[in-house]
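The values are calculated or read from the model by the stated rules, or taken from the named source; none is laboratory data. Just so it is clear, the model here is predicted, and its values are computed rather than measured. Every residue, glycine among them, receives a Cβ derived from its backbone with ideal geometry; neighbour counts consider all protein chains shown.
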Amino acid sequence: MKSIEPRTELDLRQLEPPAPLYRALEALRCLQRNHLLLIHTRFKPVHLLEQLESMSFEFDTEELSEQHWLTSVWRASSPASVNPVSPL
């Protein structure tokens, strides 16, 4: 798999809800085409995923370990052949 560069990581695991959602949405406002945003949370970010769908972002989310989820987000206008890669 190819990775999208540049990328930004946002570790929100220490925050209590709803702060992770608000911080992620703020970061998405600045996300440029062909950039990848990696969002670390300690739970599956269900509300964020709903927002991403409604905002036409593409994303992938996976559980890396207990209380560690990684959500990779990129703009839908990124090339379809480019896939995000987990940093681990």
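Every residue in the stretch 1-29 that is touching a residue at least 12 places away in the same chain (Cβ under 8 Å) and acidic (D, E), please.
Selection gives E5, E9, D11.
Name the pairs: first residue in the stretch 30-53 and in contact (Cβ under 8 Å) with a residue 12 or more places away in the chain, second residue of a type in the set (F, W, Y) and not in a loop (DSSP other than H, G, I, E, B), Cβ to Cβ under 6 Å, at least 6 apart or on different chains?
Qualifying pairs under 6 Å: L36/W74; T41/W69; K44/W69; L52/F59.
Out of (1) within 19 Å of P18 (Cβ to Cβ); (2) among the small types (G, A, S); (3) touching a strand residue (DSSP E or B) at 6+ places or on another chain (Cβ under 8 Å), what's the single condition that is false for S72?
With respect to (1) within 19 Å of P18 (Cβ to Cβ); (2) among the small types (G, A, S); (3) touching a strand residue (DSSP E or B) at 6+ places or on another chain (Cβ under 8 Å), S72 is out only on (1).
Of everything in the stretch 33-49, what is surrounded by 11 or more Cβ atoms within 10 Å (Cβ to Cβ) and out of contact with any Ser or Thr (no Cβ under 9 Å at 6 or more places or on another chain)? Give them in sequence order.
Within the stretch 33-49, R42, F43, H47 qualify.
Of the residues L31, L38, L25, which single one is closer than 17 Å to L70 by Cβ, hydrophobic (A, V, I, L, M, F, W, C) and at pLDDT 95 or above?
Details: L31 fails: at pLDDT 95 or above; L25 fails: closer than 17 Å to L70 by Cβ.
Only one candidate qualifies: L38.
Kindly list the number of the only condition in (1) under 13 Å from the mean Cα position of the chain (by Cα); (2) among the polar types (S, T, N, Q); (3) at pLDDT 95 or above that fails for S86.
Every listed condition holds for S86 apart from (3).
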